[in-house]
Amino acid sequence: MKRLMLTNEAVARGAYEAGVKVVSSYPGTPSTEITEFISKYNEIYSEWAPNEKVACEVAVGASLAGVRSMCCMKHVGVNVAADPLFTAAYTGVGRGMVLVVADDPAMHSSQNEQDSRFYARSAHVPMLEPADSQEAKDFVKRAYEISEEYDTPVMLRLTTRIAHSQSFVELLDRQEVEKKEFSKDIAKYVMMPQFARKRHVYVEQRENKLASDCNVSDLNRVEMRSTKLGIVCAGAVYQYVKEATDASIFKLGMVYPIPMDAIREFASKVDKLMVVEELEPFFENQLKAHGIACSGKELLGKQGEYSSAYLRNKLYGTEMVKATTEVPMRPPVMCAGCPHRGVFYILKKLGMVVSGDIGCYTLGAQAPLSAVDMCVCMGASIGMAHGFDKAESMHARKMVAVIGDSTFIHSGITNVINAVYNQGTSTTIILDNSITGMTGHQQNPATGKTLKGDPTAKLDLEALLKAVGVPSVVVVDAYDLKEVERVVKEETAKEVVSVIIARRPCILLTKKYPPAFSIDSDKCKKCKACLKIGCPAIENIGGSIRINKELCVACGVCKQLCKFDAIEEGKTNA
Amino acid sequence: MLNVLIVGVGGQGTLLASRVLGAVADILGKDCKLSEVHGMSQRGGSVVTHVRIGDDVCAPLISEGEADYILAFEKLEALRWAHYLKDEGALLVNDQEIMPMPVITGAADYPTDIYTKIKAQGKQPVVINGLQIACDAGTSKAVNVVMIGALCSLIGIEYDTVLEAVRRCVPQKLLEVNERALNMGYKYR
């Protein structure tokens, strides 16, 4: 049976068909849906881990315990998971283990544009990259075969355009894989120097064997067309090359290691060889280092996504159609009723320097709030505020770190422990909206529900903070502006580490809202105070302020800003 | 090859509209690729979904100037993406305005002459009051199904095919109102 499938779903289907038993992941666009789809298969145990390092370690453990395992993450998640990955590359596997990573060229939903292919090379593990949904499913199954044959974790790389595109997939049945019970083997599984030195030798032999074997692997294929130009490519880029050019194609399915001999032979059949790859010159530099003449990056650049039109423009000079009319930008915004909005309004009002973090609340940097002053990576808000503190910055006394509940558990807690241990004085606001918001409502340890929605132990943030020794922990209602202001002033003035939990569930968790608010135009003095919170439901149409009833969810934050009592609660239809 | 670009504002339900077209392709036995938007840009930002239906679809993205149809859920977005339309293509636009943040804050003005500007590019917008039709059908949330109905009728896809596609994509409990919305959208012209 064929079905139109999101590639992320096809990866999940591949895991199902490959007989995978354990999956542990942390959500991150564009990888999140893989694990959500996996959770629908009862044959697979699946979970959200608090971060990618934990997810990878769970997958390593399950593999050593003798079942096929998987962990999924976005590109920056591999930075977090790199520690177990690099040494699991030494221990090898029990049953197959696959790490799925989704890169985000053009940064649709990310803070950087790193190229995870370097991780495969650096950890000395093979990496596959599919070009559509069907290949994604097929490659997952191949990845497990390679993992077991070569005794190595295998990485599967997607990019946003592949992860979030749908194409047809042929469905097959699940093949159960016999459990291979763990048997004691200290020299293989205990990576201390005396054993790791020997395993490193194995890692190198394995890599050499893979580099040789991939020359005849059917994961890579040649499509001969015009011999004037030959192009080496993979993934989404393969589709653009196929569509935009008549060049012969060397399509890589295994993107590390790459088949030097086979590419050399391909190069001999074409007049000119090009490498077309998004982001870094990963293939290109390797080919050049092996003495295979080619070009690519000097023409195509390292930034953003390619497209068929872009390649036609760069290769053949075909002009790209450009927009001729200037239109106002429409950047993403915090939703109407978002509990983060009022907190950022107060932080801006108080002139706070805000050390931000990764989540919906990064949008607090957007005008008109413009409240977030820095944002680097998951958990960094707290460490950076502590850095300001210890640098004796003039801003340190008027500074807060702002982090979401899921991100706090991911990697914020260690920073709080650090600040307490090292006698810091920073203030952190945990924006606790009771869910992992930006990636589309995933459960986390503080929600009291598992990935599958079953009830479980609920992490108690207040108790946790007290247990690690935070001297001052205060909980406020994120919608209560006066209270938020009072507490922020009070806590930042203290000469100890303090944490404010601004609590309100994400507005999208509720489906039914009270009737929308409205503005009494007679009372409204057009002072525009309500526009300062940047609520998408409050519109300024030619100087007249109105509330869009389609968007307003009656959170009441704007009403607290109106000095003229012009904002009225909605009336329930009798 | 049929290239349809679906544009709108995050939260308007463009994703469902593209999935209905995907189901149409499936029913008609055609190859299809859909490219969707998830994550940060969904939060009230400008969103675009590419739908490509044909015998053998390669790239998941439609290039500028190559869309046969643009289905715009919002006027400003229609203007923003109009250059993706082929000269002989059709632009179906929901006559609804959603203010972007730069307009709300006063940093920019919402253009008053969007349809004139689109016409100035040599393109003829087909305007439909999707929100009103959806409300008449029973819920403002069904704008996406109204629009997909209108588009499919414009393309010339048979009603029964679209109906079957909608049934595959919409949850059972919302089917009744969405079928009504589809019907009203399809008959719009």
Which numbered condition A:LYS198 misses (of (1) assigned by TED's automatic domain parsing to the domain that holds A:TYR90; (2) free of Cβ contacts under 8 Å to residues at least 40 places away in the same chain; (3) touching a strand residue (DSSP E or B) at 6+ places or on another chain (Cβ under 9 Å))
(3)
What residue, of A:ALA554, A:ALA529, is in contact (Cβ under 8 Å) with a residue 60 or more places away in the chain and within 39 Å of the chain's Cα centre (by Cα)?
A:ALA554
Of everything in the stretch A:316-351, what is more than 8 Å from chain B (Cβ to nearest Cβ) and either open to solvent by less than 20 Å² (accessible area, probe 1.4 Å) or in contact with a Pro (Cβ under 6 Å, 6 or more places away or on another chain) (or both)? Give them in sequence order.
A:ALA336, A:GLY337, A:CYS338, A:PRO339, A:HIS340, A:ARG341, A:GLY342, A:VAL343, A:PHE344, A:ILE346, A:LEU347
Could you please find all residues in the stretch B:120-153 being within 13 Å of chain A (Cβ to nearest Cβ), part of a helix (DSSP H, G or I) and out of contact with any helix residue (DSSP H, G or I) (no Cβ under 6 Å at 6 or more places or on another chain)?
B:ALA120, B:GLN132, B:CYS135, B:LYS141
Across the stretch A:117-153, what is the number of residues that are out of contact with any Leu (no Cβ under 9 Å at 6 or more places or on another chain) and either polar (S, T, N, Q) or at pLDDT below 95 (or both)?
3
Given the conditions (1) within 25 Å of the chain's Cα centre (by Cα); (2) of a type in the set (Lys, Arg); (3) closer than 30 Å to A:VAL241 by Cα, which single one is not true for A:ARG330?
(3)
Testing A:GLN134 on (1) in a helix (DSSP H, G or I); (2) open to solvent by less than 10 Å² (accessible area, probe 1.4 Å), one condition comes back false. Which one is that?
(2)
Residues that are assigned by TED's automatic domain parsing to the domain that holds A:LEU350: find the strands (runs of 3 or more DSSP E) completely inside the stretch A:440-549 holding 1 or more of those.
A:472-477, A:498-503
Does the stretch A:383-438 hold any residues that are hydrophobic (A, V, I, L, M, F, W, C) and more than 24 Å from A:MET334 (Cβ to Cβ), and which are they?
A:PHE388, A:ALA391, A:MET394, A:ALA396, A:ILE413, A:VAL416, A:ILE417, A:ALA419, A:VAL420
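Let's see how each residue does on (1) at pLDDT 95 or above; (2) among the aliphatic types (A, V, I, L, M):
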position	(1), (2)
B:ILE62	yes, yes
B:GLU66	yes, no
B:LYS75	yes, no
B:ASN94	yes, no
B:VAL103	no, yes
B:THR116	yes, no
B:ILE128	yes, yes
B:MET147	yes, yes
B:ALA150	yes, yes
Looking at (1) without any contact (Cβ under 8 Å) to a residue 40 or more places away in the chain; (2) surrounded by 15 or more Cβ atoms within 10 Å (Cβ to Cβ); (3) away from chain B (no Cβ under 14 Å), find the lone condition where A:GLU280 falls short.
(1)
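The values are calculated or read from the model by the stated rules, or taken from the named source; none is laboratory data. The model shown is predicted, which means the values in this text are computed figures rather than measured ones. A quick note on method: Cβ atoms are made from the backbone with ideal geometry, for glycine too, and the neighbour counts reach across all protein chains shown. For accessibility, only protein heavy atoms count, side chains too; no ligands or nucleic acids. Shrake-Rupley method; radii C 1.70, N 1.55, O 1.52, S 1.80 Å.
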